[in-house]
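Structure first, then comments.
The values are calculated or read from the model by the stated rules, or taken from the named source; none is laboratory data. Not measured: the values here are computed from a predicted model. Every residue, glycine as well, gets a Cβ built from its backbone with ideal geometry; the counts of neighbours run over all protein chains shown.
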């Protein structure tokens, strides 16, 4: 029975290890895909911003840097919109990652709780198995002691029976001798009369 409990414990441990590995691989692949998405979206956002800046720039190519043009306001607004879009995209990705993280933590806690329950159950079963073995060993010792006692009683009774048979045989022999003597003395008495 101890082997069964050990096998159950190993099976549960193996199952938990496998589930933890799957969870870790799933999480890692999610992180990898999310980070590549973030990088791709950041690159795309940067390219979009650069395109918009060159497209909407009202500065002539040879103009001095200190002059103020009407298009400067448009450039600032474009930069702000692109920046907000990038932050908004990143913010939603971060939020999504946080939610996924929370979900994975919850799953991990649930798996850990199950593992703990299984471990407790294995411990209980191991203890119960140990107690049953002890009980069986005690019963086996008691039974062996009883068998030994019965064997001793049987030997004693056999010796007594043999002794009784010998006594009976001896008494029968004595009785026959006495009967023979009586018959002889009875025939002597009849002969003398």
Determine which member of the set 144, 127 is modelled with pLDDT of 95 or more, over 20 Å from the mean Cα position of the chain (by Cα) and either closer than 24 Å to residue 21 by Cα or surrounded by 10 or more Cβ atoms within 10 Å (Cβ to Cβ) (or both).
-> 144
Search region 93-102 for residues being surrounded by 11 or more Cβ atoms within 10 Å (Cβ to Cβ) and without any contact (Cβ under 8 Å) to a residue 12 or more places away in the chain, and hand back the single one that is nearest to residue 21 (Cα to Cα).
-> 101
